[in-house]
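For reference, the structure discussed in these notes is given below.
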Amino acid sequence: MNRILTTDSPRLSYLDQSAVVRERFEQMKARDVLLEVRHVDKVFRTREKETLALSDISFTTHRREFLSIVGSSGCGKSTLIRILAGLEEQTSGDVLLDGQPVCGPGSDRGMVFQSYTLFPWLTVKKNVMFGLEINKYGPVESERQALQWLQLVGLEKFADSYPHQLSGGMKQRVAIVRALATQPRILLMDEPFGALDAQTRARMQAHLLEIWRKIDITIVFITHDLDEAIFLSDRILVLSAHPGRVQELIEVPVPRPRNTAQCFSPEFIATKARLEELIYSAEPEDESEYPVVPRLAEAADNVE
Amino acid sequence: MQVRRKWFQVGRPLPPKLSGVFAVLSFALPVSLWCVVSYVPFVWHPQILITQPGSVDYLQPGMRMDKSAFAAAEAEATEQQKALPKGVPTNPIYLPAPHEVIRAFYTAFTTEPQSRDGSWLHESLWHSIQIIFWGFVISSAIGVPLGILCGAYGPFARMSEPFIEFFRYLPAPAFGALAVAILGIYDGPKIAIIVIGTFFQQVLVIANTTRKLDLTLVEAAMTLGTRNSQVLRRVVLPGILPDLYRDQRILLGWAWTYLIVAELIGASSGITWFITQQARYQQFANVYAAIMMIGIIGVGTDMLLARLGRRLFPWDRSLVKSDA
């Protein structure tokens, strides 16, 4: 369906930006560079062989930018975000946050994982307080702030519940504010909505944008869902697979504020077409590997 | 048929009512088997309990003899046309009937010790419980921290686990003589045997439990600013606590199984001393009662600890599922 719509408006390229969008990007780029990744390589060594997972990754992110990273599976996007978080070390190259090299994990880079990583032994409130207490806030101040954060995502009623009593979407909302509570410079999100059902997912996307609008936070967001990437991001970093390389850094021409109706706008469709072209053309044709299924049903008994 | 047997499938949960029925059956079946063997005269009963010796001079009332020997004595008396000996079929003395054992549960506590240096049953039991307690506490004091360290940090694991893996195959009772030589003949060597029997398993089991902790929790804590030195206390320990508690419950059961061997070492003591004494005087009802008491104490503590665990770890789903 998207392809048909694309041919309906062949003249619009994903590179064409309306004046409003262009102005927004100029504004964004005028802000300080928050994250700078320079020539990062990552090699995984096992006894038998070396695998180059990431090769010469370079990009910059400005303060309050929403950057998505997309790519087919195996492109190393998770490895990249783990390097940004400091959970893994790059083999060579630099990661600079506010000009300072990143060394190990720290509360200046919050992270939200796909698997809900709430601490099961702590209540929702205590989960949010965890980072605050670690960072030397007293218990009273931590609790006050934690409750405020919970209010932000509408979960103050569940402050004393345990994580296992929450739904997936609620857990992820807690995980987001837990990461935000320590007031990191950047929020790293590794397919955070991947395990949610479609409806919850859409609501979480809108809610995340709302949070991002209101709080001074920069977001790096990993996803394999192209619609999600376009809907959320200012810019999309497309990685190719084996090894992971930067294919293109796309500026999303869809104007903000975003809404779901924009999915059918020419800018959206053009961007998606470009992303599909980049990601799926690079991949070997997978479809040829599926065999043709011989007919086993009766000849006259057709369903299509 | 299919409708009725829905629960008889792999992985199907039992309806609660049936689950209770089966739980009762698990005890009722062996007990009823015991009753049948004890109370139905034509089932087993390989011996004859003499009620009247008749003319056979080597028989006495209350004596037990094999059926074949009794038949021979009977035949001899018949041949000589003398008074026949009389008797009833009975089981060997080492298999008392259920009611005798039940009576023994009461009388064992009310009977005075048979020798002057003997002790009452409750004193023996209490002594055994103390041995178990100290053995388990000493083992846990070293085993639990070491197990957690092994599970959390590679160097600890590599440096201790190969040796422990080797050592746990050495049977604890084999160290009995050594323990007596070092620790004397009283409680020392007994506690030592329980420690040896428990400790090595404990380290390995707890190390494994620690390894099963979801590492993304550690990573999440690190991204929240947790320092390396805080991870053990703030994430690993609370994360494994419910499982650790479950392990300890299982290991405590393990410690109990070493009790009898341990108490035989050096000067026999505790419930083991009671059992061996009663067996010597052929008070087998008391022997069974004492053995069952060990079981009751063991299961009782475990049920208490399970209930306590549910209180202590309200967030633990697996505990709710397995014990409910």
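The numbers here are math on the coordinates, done by the rules we state, and not lab data. Every value quoted in this text rests on a predicted model; they were computed, and no experiment measured them. FYI the Cβ positions are ideal-geometry reconstructions off the backbone, even for glycines, and counts take in every protein chain you see.
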Open item on the list: If the elastic network links every pair of Cα atoms under 10 Å, which of B:196, B:182, B:131 fluctuates the most in the Gaussian network model of chain B?
Closed with: B:182
Open item on the list: Defining a contact as two alpha carbons under 8 Å apart and six or more residues distant in sequence, what relative contact order in percent does chain A show?
Closed with: 25 percent
Task: Of A:125/B:212; A:77/A:272; A:171/B:212; A:42/A:126; A:171/A:214, pairs whose Cα-Cα distance is over 29 Å - done: A:42/A:126
Task: Fluctuation leader among A:99, A:131, A:169 - chain A, Gaussian network, Cα springs under 10 angstrom - done: A:99
Task: Net charge dipole size for chain A [Lys, Arg +1 and Asp, Glu -1 on Cβ; Debye, nearest 20] - done: 1200 debye
Open item on the list: Along the Cα→Cβ direction, 7 angstrom out, place labels at residue A:198 and residue B:279. What is the inter-label distance in nm?
Closed with: 7.1 nm
Task: Two-site FRET efficiency, residue B:33 against residue B:60, from Cβ-Cβ distance with R₀ of 45 Å, rounded to 0.05 - done: 0.90
TODO: For the stretch A:55-110, state which GluC sites (Glu not before Pro) are in a DSSP loop and have at most 14 other beta carbons lying within 10 Å of their beta carbon.
DONE: A:89
Open item on the list: Loop by DSSP (not H, G, I, E, B), at most 11 other beta-carbon atoms within 10 Å: where is the longest site-free stretch of chain A for trypsin sites (Lys or Arg not before Pro)?
Closed with: A:137-294
Open item on the list: Cut-off 10 angstrom, C-alpha nodes, Gaussian network model of chain B. Which of B:236, B:88, B:101 fluctuates the most?
Closed with: B:88
TODO: Apply 1/(1 + (r/R0)^6) to the Cβ-Cβ distance of residue A:92 and residue A:164, taking R0 = 35 Å, and write down the FRET efficiency to the nearest 0.05.
DONE: 0.25
Open item on the list: Give the separation of the Cα centroids, the stretch A:185-261 to the stretch B:103-161, in Å.
Closed with: 58 Å
Open item on the list: With +1 assigned to the C-beta of every Lys and Arg and -1 to the C-beta of every Asp and Glu, and no other charges, what is the dipole magnitude of chain B about the Cα centre in debye, to the nearest 20?
Closed with: 1500 debye
- [ ] Would you calculate, for chain B, the mean residue ellipticity at 222 nm contributed by helices, counting each DSSP H stretch of 4 or more residues as -39,500 (n - 2.57) and dividing by all residues, to the nearest 500?
- [x] -22000 deg cm²/dmol
Task: Residue among B:204, B:301, B:18 farthest towards the positive dipole end of the protein assembly as shown, charges placed on Cβ - done: B:301
Task: Helix-only [θ]222 nm of chain A, DSSP H runs n ≥ 4, -39500 (n - 2.57) each, per residue, nearest 500 - done: -11000 deg cm²/dmol
- [ ] Please tell me the relative contact order of the stretch A:124-204 in percent, rounded to the nearest whole number, where contacts are Cα pairs under 8 Å and at least six residues apart.
- [x] 36 percent
Task: Charge dipole of the stretch B:108-323 about the Cα centre (unit charges at C-beta), most positive-ward option of B:195, B:278, B:222 - done: B:222
Open item on the list: Restricting to Cα pairs below 8 Å that are 6+ residues apart, what does the relative contact order work out to for chain B? Please round to a whole percent.
Closed with: 17 percent
Open item on the list: Over 5 Å intervals from 0, what percent of Cα-Cα pairs in the stretch B:1-142 sits in each interval?
Closed with: 2, 8, 10, 9, 9, 10, 11, 12, 9, 7, 6, 4, 3, 1, 0, 0
Task: Net length gained if the chain between residue B:110 and residue B:229 were fully extended (0.36 nm per residue, minus Cα distance) - done: 37.1 nm
Task: Those residues of the stretch B:76-110 whose amide nitrogen sits under 20 Å from the label point placed on residue B:126, 7 Å along Cα→Cβ - done: B:105-110
Open item on the list: In chain A, if the dipole is taken from +1 on Lys/Arg beta carbons and -1 on Asp/Glu beta carbons about the Cα centre, which of A:37, A:130, A:115 is farthest to the positive end?
Closed with: A:130
Task: 11 Å cut-off, amide nitrogen to a point 7 angstrom out along residue A:60 Cα→Cβ, residues in the stretch A:31-50 - done: A:31-37
TODO: Please work out the ratio of the alpha-carbon Rg of the protein assembly as shown to 2.2 N^0.38 Å and round it to two decimals.
DONE: 1.46
Task: Low-density loop positions, chymotrypsin sites (Phe, Trp or Tyr not before Pro), the stretch B:182-243 - DSSP coil, at most 13 other Cβ in 10 Å - done: B:186
- [ ] Could you pull out the longest piece of chain B with no exposed loop trypsin sites (Lys or Arg not before Pro) in it, calling a site exposed if DSSP puts it outside H, G, I, E, B and it has at most 15 other Cβ atoms within 10 Å?
- [x] B:228-324
TODO: Using the Cα centre as the reference, give the magnitude of the dipole from point charges on the C-beta atoms of the protein assembly as shown (Lys, Arg: +1; Asp, Glu: -1; all else neutral), rounded to the nearest 20 debye.
DONE: 1520 debye
- [ ] DSSP loop (so not H, G, I, E, B), at most 10 other Cβ within 10 Å: list which chymotrypsin sites (Phe, Trp or Tyr not before Pro) in the stretch B:133-174 pass both filters.
- [x] B:169
Open item on the list: Using a Debye calculation, one point per C-alpha and no hydration shell, please list log10 I(q)/I(0) for the stretch B:47-90 at q = 0.15, 0.26, 0.28, 0.33 Å⁻¹ in order.
Closed with: -0.28, -0.83, -0.96, -1.25
